[in-house]
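Beneath this line is the structure, given in structure tokens, with notes to follow.
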Amino acid sequence: MKKVFCFFVCLFSLTLLYAETIISFNEAEQDPDESITVLDYKPIRAGDKYVKLGIGLGIPLFNTSGTQFAIKPNMYPGPRIFVGMHFYVTDGLSLGGDLSFEFYTTLGKNLYFAVPFSFAIAYTFTHERWRFPLGINIGGIFMSYLGSRTCGLYLNPFFSFYYQYSPEWSFGSELNWTITTEFRMNKKYIRANNNLGVLFSVRYHF
């Protein structure tokens, strides 16, 4: 009986020693200075950049002169092609530049061609994978009609929405209101053109 009791005492002692050895080994493997890193996900970060390319429709609404507010433009809606590059200076504020090419046919079957170039400032609101840029383009425009060429100021407030399909690509649409003025020697021919734009574009982020 005494031998059986001694056997169980020895077995219990060895079990405790083994368990203590395992615990000590596991504690030795852990780095006491090791900390858990929590990643703070942000849909937009300062320094992010993107290039956008798209096509849309420009709809002439009315012209304004010094003597009349709403003048019929006598032009049909026409295609617009645009490209731009933008970068974020904060987690929502972006700056960039845009260039577009616009083609309109008049009621007399003549071509009116315009090339706006502008500086853009916008703020992007986010919801999950959706992006909602709201901003304005300010710049200049070159215009050509029946061999006559002129230039003017370009103002283009816009609202757009995009779906972030992947970290590199997003797709969306834009609605804008374009106001352009013309520089002419004879002031009675100066006009301010008001157009509505509906655009579809793709953006590459990097």
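The values are calculated or read from the model by the stated rules, or taken from the named source; none is laboratory data. Predicted model only: the values in this text are computed from it and were never measured. For neighbour counting, all protein chains shown are included, and Cβ atoms are generated from backbone atoms with ideal geometry for every residue, glycine included. These area figures cover heavy atoms from the full protein model, side chains too; ligands, DNA and RNA do not enter into them. Shrake-Rupley method; radii C 1.70, N 1.55, O 1.52, S 1.80 Å.
In the stretch 59-89, which residues are under 13 Å from the mean Cα position of the chain (by Cα), touching a residue at least 40 places away in the same chain (Cβ under 8 Å) and open to solvent by 40 Å² or more (accessible area, probe 1.4 Å)? Phe87, Val89, listed by residue number. If you go through the stretch 27-41 one residue at a time, do you hit one that is of a type outside the set (A, V, I, L, M, F, W, C), at pLDDT below 85 and open to solvent by less than 50 Å² (accessible area, probe 1.4 Å)? Among the residues of the stretch 27-41, not one is of a type outside the set (A, V, I, L, M, F, W, C), at pLDDT below 85 and open to solvent by less than 50 Å² (accessible area, probe 1.4 Å), which makes the answer no. Summed over the stretch 48-58, residues that are open to solvent by 40 Å² or more (accessible area, probe 1.4 Å) and under 17 Å from the mean Cα position of the chain (by Cα) total 5. What about Ile136, is it touching a residue at least 24 places away in the same chain (Cβ under 8 Å), within 17 Å of Trp177 (Cα to Cα) and of a type in the set (A, V, I, L, M)? The answer is no for Ile136. With the requirement that a residue be open to solvent by 30 Å² or more (accessible area, probe 1.4 Å) and among the hydroxyl-bearing types (Ser, Thr, Tyr), what does the stretch 102-111 give you? Within the stretch 102-111, just Thr105 meets the criteria. The residues of the stretch 174-206 that are of a type in the set (Ser, Thr, Tyr) and either open to solvent by 20 Å² or more (accessible area, probe 1.4 Å) or in contact with a Pro (Cβ under 6 Å, 6 or more places away or on another chain) (or both), listed by number, are Thr181, Tyr189, Tyr204.
Could you count how many residues in the stretch 112-157 are open to solvent by less than 30 Å² (accessible area, probe 1.4 Å) and basic (Lys, Arg)? So the count comes out to 1. Here Tyr154 passes the criteria (1) out of contact with any strand residue (DSSP E or B) (no Cβ under 8 Å at 6 or more places or on another chain); (2) of a type outside the set (A, V, I, L, M, F, W, C); (3) at pLDDT 95 or above except the one numbered (1).
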